[in-house]
1. Take the conditions of a type in the set (S, T, N, Q) and open to solvent by 20 Å² or more (accessible area, probe 1.4 Å) and apply them to Gln14. Does it pass?
2. Mind checking which pairs have a first residue in region 94-118 that is in contact (Cβ under 8 Å) with a residue 60 or more places away in the chain and a second that is among the hydroxyl-bearing types (Ser, Thr, Tyr), Cβ under 9 Å, 6 or more apart or different chains?
3. Looking at region 11-37 only, could you name the residues that are assigned to a helix (DSSP H, G or I), touching a residue at least 12 places away in the same chain (Cβ under 8 Å) and more than 19 Å from the chain's Cα centre (by Cα)?
4. Looking at region 39-49, is at least one residue over 26 Å from Val163 (Cβ atoms), acidic (Asp, Glu) and either surrounded by fewer than 21 Cβ atoms within 10 Å (Cβ to Cβ) or more than 14 Å from the chain's Cα centre (by Cα) (or both)?
5. Hey, which of the helices (runs of 4 or more DSSP H) in region 39-158, taking only ones fully inside, have at least 1 residues that are closer than 27 Å to Ala23 by Cβ and touching a Pro at 6+ places or on another chain (Cβ under 8 Å)?
6. Within region 144-155, can one find any residue that is within 15 Å of Lys57 (Cα to Cα) and open to solvent by less than 10 Å² (accessible area, probe 1.4 Å)?
7. Within region 156-185, work out how many residues are open to solvent by 50 Å² or more (accessible area, probe 1.4 Å), at pLDDT below 80 and not polar (S, T, N, Q).
Amino acid sequence: VLPVLPEAALNFEQPEAFLKDPALLESYRTLLSSLKFRSFEGLDVVVVSSTLAGEGKSAIASHLGAVSATLSKRTLIIDADLRRPTQHKLFNLAVRPGLTDVVKGKVSVAEAVQQTKIENLSVLTCGEAEVYPSQFFESQQMRALIAEAASHYEIVIVDTPPVTSCVDALTLSRDQTRLLLVARP
């Protein structure tokens, strides 16, 4: 169970609002440790989803990434919620170039990844809007992108749409990744 984030700690305009609050920080550190201990092969890629929209999965993905980065882990958050992208808003980053631009071969992962105000934390935003986003998650290019990201970062956190709206999270979590399902009590 994670605490409700105060308004000031929801986005990372002022990272200190979250990173300097021991109660908030410790709850996310506990979650990260729990994910690591439940993984026999190590924790490389975590797919974050929820059952319904509005349950806080994007906020949890971003804050989990922030905690990982403060523990000196090179961390990448990928915004793979192409229907309702959020990570660019939480970190005040440009939407493009992003995930869809990389999968289409327009730019490399290195060119599209953006550094945040938090040391060791980078974000790959969603990129250009896509008419048929499900095709991206089934592609070999998407698998290659995840594999490349996992080879360059210690932890990759993938923010996906809710599982009741599409199977994107399930598709991405099938290849040696962990699925973290967020539910609001």
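1. Details: of a type in the set (S, T, N, Q): yes; open to solvent by 20 Å² or more (accessible area, probe 1.4 Å): yes.
It is true that Gln14 is of a type in the set (S, T, N, Q) and open to solvent by 20 Å² or more (accessible area, probe 1.4 Å).
2. Cβ pairs passing all conditions: Thr116/Ser122; Ile118/Thr70; Ile118/Thr75.
3. Ala23 - this is the single residue of region 11-37 that is assigned to a helix (DSSP H, G or I), touching a residue at least 12 places away in the same chain (Cβ under 8 Å) and more than 19 Å from the chain's Cα centre (by Cα).
4. no
5. Numbers: elements: 57-70, 87-91, 99-103, 109-112, 134-138, 140-152.
Those helices (runs of 4 or more DSSP H) span 57-70.
6. Looking for residues that are within 15 Å of Lys57 (Cα to Cα) and open to solvent by less than 10 Å² (accessible area, probe 1.4 Å), one finds none in region 144-155, hence no.
7. Count: 5.
Residues are listed down the side, and each one gets a yes or a no for (1) open to solvent by less than 30 Å² (accessible area, probe 1.4 Å); (2) within 23 Å of Arg143 (Cα to Cα):
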{"residue": "Pro22", "(1), (2)": "no, no"}
{"residue": "Glu26", "(1), (2)": "no, no"}
{"residue": "Leu35", "(1), (2)": "yes, yes"}
{"residue": "Arg96", "(1), (2)": "no, yes"}
{"residue": "Ser108", "(1), (2)": "no, yes"}
{"residue": "Val123", "(1), (2)": "yes, yes"}
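The values are calculated or read from the model by the stated rules, or taken from the named source; none is laboratory data. This is a predicted model, so every value here is computed, not measured. In this analysis, Cβ positions are derived from the backbone assuming ideal geometry, glycine residues included, and neighbour counts consider all displayed protein chains. These accessible areas exclude ligands, DNA and RNA; they are computed on the full protein's heavy atoms, side chains included. Shrake-Rupley method; radii C 1.70, N 1.55, O 1.52, S 1.80 Å.
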